[in-house]
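Data first, discussion second: the structure below is written as structure tokens.
The values are calculated or read from the model by the stated rules, or taken from the named source; none is laboratory data. Since the model is a prediction, treat every value here as computed from it, not as a measurement. Glycine gets a Cβ as well: all are built from the backbone with ideal geometry, and neighbour counts include every protein chain shown.
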Amino acid sequence: MNELGLLFTIPSLTALLSLFIKKTAITGKLCALAAWLQLALVISVLLPILTGHSTSISFAPGLIVDKLGSYFILLTTFVVACALTHADYFFQAQAVIGEPYKDSRLKLFYAVVNIFLMAMTSVFLCDSLGYLWIAIEATTLSSAPLVYFERNKHALEATWKYLIVCSVGIAFALLGTVFIFAASQRSDLGSGTLNVSELIVSAKTLSFPLLRLGFIFCLLGYGTKAGIFPLHSWLPDAHSEAPAPASAMLSGSLLNCALFGIWKASTVITAAKPEAPAFHLVAVMGALTVVAASIFIIRQHNLKRLWAYSSIENVGLMVFAIGLGSGPLFFLQALNHSLAKVSLFLISGNIVQAAGTKKLSKLHGLLENSPFWAGALALASLAVAGAPPFGSFMTEMSLLTLSLGHKYYILAALINVALAVSFLGILAHTGKVIFGAGKPDFKVFSERRAALVPMLLVASTLAIGLLVNYESR
Amino acid sequence: MQLSTFEALAMLSAVLGILILGTTLLRTNLSFYRFHTLAIVALTVWIGHITKEAHLYIVAAAVLLVKVLFIPSFLGWVMKKAEVGSDKQAFIAAPLSMHLGAIMLGISYLLSSRIPGLEGVHQEGSHLGSTAAMSILFTGVLLMLTRRAALSQILGFLVIENGIYLFAVTQTHGMPMLVEMGLLLEVLVGVMISGLLLFNIKKSFEHIDVSQLTDLKD
């Protein structure tokens, strides 16, 4: 119980402080520092799992963190720390280049980010599907103010759609949770439980029709939140209207939370019936999402929406990994996607800020304006598109190999083609941004510092691609 | 046909839910939502009485406080401040959508007896609990699909949430109390955030017709 409180101490204190400190320049640095401290703290709390001394830590009834969960907590905290470090630069640059944001808005931003971090951390601590639902809905509510940051009509529209579509989607996940609970009450468990660890143990005795119904609703509900096709409509709007550090967090950590919900629900149904037809739905929906996203990627004309659709594609791959029942591949795909995509959103944020437009047709000649950023953008988009030897290439390869083992030949072929299409699409779009005549009104502020965090992230996904031994998985 | 108290209360909540569809006057909608939720509270208390599950009384009291007393009053206040009275251009005329709701109630009855596992745990052989829950779910979806005003969207979400709550009450022996309370808190916070957004929509666009929010697309 003490350790549980410890995990939430730093973000809650920082959230409070951000509201009261007058100078937002100080708040920005404080929040970044606090996020890195939080990362150190998370590592020390989860150390027994990370070193392999124990497989799970139980904090309270219904709150157990396992190996996958603890890796995800690390990833989430890391992503938030990177985004906040960059946010400090981003808002400074905004004050120099364009119209500075009001202090009150920045204060709220920093406070909300910390609450958002707490909500996301608690998602991965949940063993109970009920708590999991509450935590995931809390991530929606706490990230809505981040999407509404710009306070203009577009941001308003994006926030409204985000809030309503995700809340209704998640409501169906709640219905699924109710059905799973009802299934557990018609089993050996007697009075019923929502704890995944107990559900798995007596999975064979659960009322299967109810469990299946519950699983399908959970898949659709959390799928809406993760942005699987055709329930993705809110995602490109929210990701493109939020300020760059917030987009990075939405894409690099929030999507993982919803996918973790699907993963938890799927562990129960696979324990009940390993070859249930309903479970094949997961792989099919994942593959469909990849295909649909690759088509949307080709016909984009907005830089940030392009990356949003690329996130949808990666969500498809992660759902596919869940459909194959592979936790490690699910995490590796999430890890590589988060690192590369956060890097991309941050560097694209700089470009959009300097050029004053998100339209792909008006962005060109980055190489002339700022060679440093051009390099970062090129590397990060290669990493996201899955070029070797970056981490996502290795995971995508293992994913396709594994899918052949599961006899998903058609799906594997579809995904293969879609990945090639989106690879070409992404490279064509970034090629246009990088090459050509430079823009005369491109306002670069502190070029090297701006590229620091994105470059570090790209380097780390490269290191993963080179160092992690995929054969052993 | 004789209805037990359980069945009568379940049906009452479903019918009161359908009546929300019957008018585009937002204030009347809110009142019907209040009565509809009150019927659900009564049902919760009744189930608590027959199953002797004391925690259901606490849940019922919390639902009464949040969803019957606070939320409709809050939304009423938002309406007054934003100066909106009715949802004029619904996609389907109100009487028609109410009839659709009634048809959905019938479909729910057929569906709930077909889908295995929805027998309910409190009344042997009775499907009316899940029929009512399913019908309320459909009512909420209809409300969200056929109305344009932002406030109707919030109301639709609340009705859907009520349907799910009714599923939880009739199909299980009560969800764990912490989960129920967390859920209520989320609904409360969600409604307050969307209420604030509604103000801003009214201020920026000078209307609350969300079907006109179509600037963002590919």
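Things to note:
- Top-ranked residue of segment B:205-218 - restricted to ones that are among the β-branched types (V, I, T) and surrounded by 16 or more Cβ atoms within 10 Å (Cβ to Cβ), ranked as farthest from the other protein chains (Cβ to nearest Cβ): B:I208
- Flag for A:L194 being without any contact (Cβ under 8 Å) to a residue 24 or more places away in the chain and either farther than 27 Å from B:G195 by Cα or facing chain B (nearest Cβ under 10 Å) (or both): no
- Scan of segment A:15-30 for residues that are of a type in the set (D, E, K, R) and not in a helix (DSSP H, G or I), ordered by number: A:K22, A:K23
- Number of the condition not met by B:T37 [criteria: (1) of a type in the set (S, T, Y); (2) touching a residue at least 60 places away in the same chain (Cβ under 8 Å); (3) within 19 Å of B:G140 (Cα to Cα); (4) surrounded by fewer than 21 Cβ atoms within 10 Å (Cβ to Cβ)]: (4)
- In summary, B:R114 fulfils each of the numbered conditions (1) more than 19 Å from B:V15 (Cβ to Cβ); (2) charged (D, E, K, R); (3) touching a residue at least 12 places away in the same chain (Cβ under 8 Å) with the single exception of condition (3).
- Residue check, A:L39 out of contact with any Lys or Arg (no Cβ under 8 Å at 6 or more places or on another chain), crowded, with 21+ Cβ neighbours inside 10 Å and part of a helix (DSSP H, G or I): no
- Subset of segment A:204-240 (residues that are away from chain B (no Cβ under 14 Å) and basic (K, R)): A:K204
- Residues of segment B:182-199 satisfying the condition of being facing chain A (nearest Cβ under 7 Å) and either among the charged types (D, E, K, R) or crowded, with 17+ Cβ neighbours inside 10 Å (or both): B:G182, B:L183, B:E186, B:G190, B:I193, B:S194, B:L197
- Check on A:L288, at pLDDT 95 or above and either away from chain B (no Cβ under 14 Å) or touching a Phe, Trp or Tyr at 6+ places or on another chain (Cβ under 8 Å) (or both): yes
- Test: B:S31 is in a helix (DSSP H, G or I), among the polar types (S, T, N, Q) and surrounded by fewer than 19 Cβ atoms within 10 Å (Cβ to Cβ): yes
- Lone qualifier among B:K81, B:K88 - being more than 14 Å from chain A (Cβ to nearest Cβ), of a type outside the set (G, A, S) and not in a helix (DSSP H, G or I): B:K88
- Within segment A:164-179, being more than 19 Å from the chain's Cα centre (by Cα) and either closer than 14 Å to B:L158 by Cα or more than 8 Å from chain B (Cβ to nearest Cβ) (or both) holds for A:I164, A:V168, A:A171, A:F172, A:L174, A:L175, A:G176, A:T177.
- Flag if B:K202 is more than 9 Å from chain A (Cβ to nearest Cβ) and either over 16 Å from B:H36 (Cβ atoms) or free of Cβ contacts under 8 Å to residues at least 24 places away in the same chain (or both): yes
- Among the residues making up segment A:209-233, those that are over 18 Å from A:G286 (Cα atoms) and either at pLDDT 90 or above or crowded, with 24+ Cβ neighbours inside 10 Å (or both) are A:L210, A:L211, A:R212, A:L213, A:G214.
- Within the span defined as segment A:270-293, one or more residues are crowded, with 24+ Cβ neighbours inside 10 Å and more than 30 Å from A:A81 (Cβ to Cβ).
- Test: A:A119 is at pLDDT 95 or above, within 12 Å of chain B (Cβ to nearest Cβ) and either within 23 Å of A:I64 (Cβ to Cβ) or crowded, with 23+ Cβ neighbours inside 10 Å (or both): yes
- The residues of segment B:144-181 that are more than 9 Å from chain A (Cβ to nearest Cβ) and within 10 Å of the chain's Cα centre (by Cα), listed by number, are B:L155, B:L158, B:V159, B:N162, B:L166.
- Taken together, A:P230, A:P277 contain a single residue that is over 30 Å from A:D88 (Cα atoms), more than 23 Å from the chain's Cα centre (by Cα) and not hydrophobic (A, V, I, L, M, F, W, C), which is A:P277.
- Verdict on B:D218 being of a type outside the set (V, I, T) and under 30 Å from A:S294 (Cβ atoms): yes
- Being surrounded by 21 or more Cβ atoms within 10 Å (Cβ to Cβ) and modelled with pLDDT under 90 holds for only one residue in A:T193, A:T205, A:T177, and it is A:T193.
- Checking A:A182, A:A135 one by one, the residue that is within 12 Å of another protein chain (Cβ to nearest Cβ), within 21 Å of the chain's Cα centre (by Cα), among the aliphatic types (A, V, I, L, M) and crowded, with 22+ Cβ neighbours inside 10 Å is A:A135 and no other.
- Considering segment A:139-163, the residues that are within 7 Å of chain B (Cβ to nearest Cβ) and small (G, A, S) include one that is surrounded by the fewest Cβ atoms within 10 Å (Cβ to Cβ), namely A:A144.
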